[in-house]
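Worksheet: the structure to be examined is printed underneath.
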Amino acid sequence: IPSLFGDPNFLKPPFQYWMTLIGWKIFGFGLWGALIPSVLALIATSWFISEIAQILGERRWYVSAGLWFGVVLGTMTYADVAQMEIYLCLFYAASWWAGLKFLMIHPDENRNYKWLYVAFLIAGLSALVKSPLYSVFWVMSFFIYLLISGEWLMFKNRHLYLACASGIGLASIWFVAASIREPDAFWTQYWFQEQVGKSGGNGG
């Protein structure tokens, strides 16, 4: 349960706080300890993007989508300052990587459903960064990709829905636990203040 001045605080889910605490434990308390986890997330995101590009057919050694993503000034700024966004990029890229690894095997061959479950579980984990809405966005984009890539038979496959349910389950654990343990603070701060009434953001 995140806290601010000793009181429960639910303006954001806990993932960013967890990463900062891990950084401090490993690299020492200070600015560098707080920043290194998000910089590592930037590096990992760049790797996943490069892998996705290869899966989708990028073969030119002198053009690396992951490298270009990683060295862009805006990306580095988000990795150092607006740290939550780089974790969302990481989870999205990792989810797509796992989903495409599953889809790259022809349907007539034996697809490894492990990758499908991994994709949805990672997408579910992204709910702990800012909001479950970001997990929903990834699921919607994956379903649209299935449609436009001709994978219509996947919608008759029970594993698609079981994988989706497993992601929803993982995404829900912390939110359910927080709403049970500190119901007043959770609903007042996270739901009504941060989600519904956010001025200029979700409320707009």
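Here is how the numbers come out for the structure above:
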item	result
Close pairs (7 angstrom Cβ cut-off, 6 or more residues apart or separate chains): in contact (Cβ under 8 Å) with a residue 40 or more places away in the chain in the range 1-23, in a strand (DSSP E or B) and surrounded by fewer than 13 Cβ atoms within 10 Å (Cβ to Cβ) anywhere	Asn9/Ser3
Total residues in the range 128-158, condition under 11 Å from the mean Cα position of the chain (by Cα) and closer than 18 Å to Thr45 by Cβ	7
Selected residue (criterion: least open to solvent (accessible area, probe 1.4 Å)) from residues of the range 154-180 that are of a type in the set (Ser, Thr, Tyr) and over 17 Å from Ser126 (Cβ atoms)	Ser179
Pairs where the first residue, in the range 95-110, is closer than 16 Å to Ser135 by Cβ and the second is open to solvent by less than 40 Å² (accessible area, probe 1.4 Å) and part of a loop (DSSP other than H, G, I, E, B), C-beta under 9 Å, 6+ apart	none
Residue under evaluation Glu85, criteria (1) touching a residue at least 12 places away in the same chain (Cβ under 8 Å); (2) within 17 Å of Trp18 (Cβ to Cβ); (3) of a type outside the set (Lys, Arg), criterion not met	(1)
Matching entry among Leu147, Leu90 (being under 24 Å from Pro2 (Cβ atoms), assigned to a helix (DSSP H, G or I) and open to solvent by 20 Å² or more (accessible area, probe 1.4 Å))	Leu90
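Yes or no, residue by residue, for (1) under 22 Å from the mean Cα position of the chain (by Cα); (2) on the phi > 0 side of the Ramachandran plot; (3) open to solvent by 60 Å² or more (accessible area, probe 1.4 Å):
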residue	(1), (2), (3)
Lys12	yes, no, no
Tyr17	yes, no, yes
Gly57	no, yes, no
Leu67	yes, no, yes
Gly74	yes, no, no
Ala79	yes, no, no
Tyr113	yes, no, yes
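The values are calculated or read from the model by the stated rules, or taken from the named source; none is laboratory data. Just so you know, these numbers come straight off a predicted model, no measurement behind them. Counting neighbours? That spans all protein chains shown, and the Cβs are built from the backbone with ideal geometry, glycine included. We work out accessible area using only protein heavy atoms, side chains counted, and drop any ligands, DNA or RNA first. Shrake-Rupley method; radii C 1.70, N 1.55, O 1.52, S 1.80 Å.
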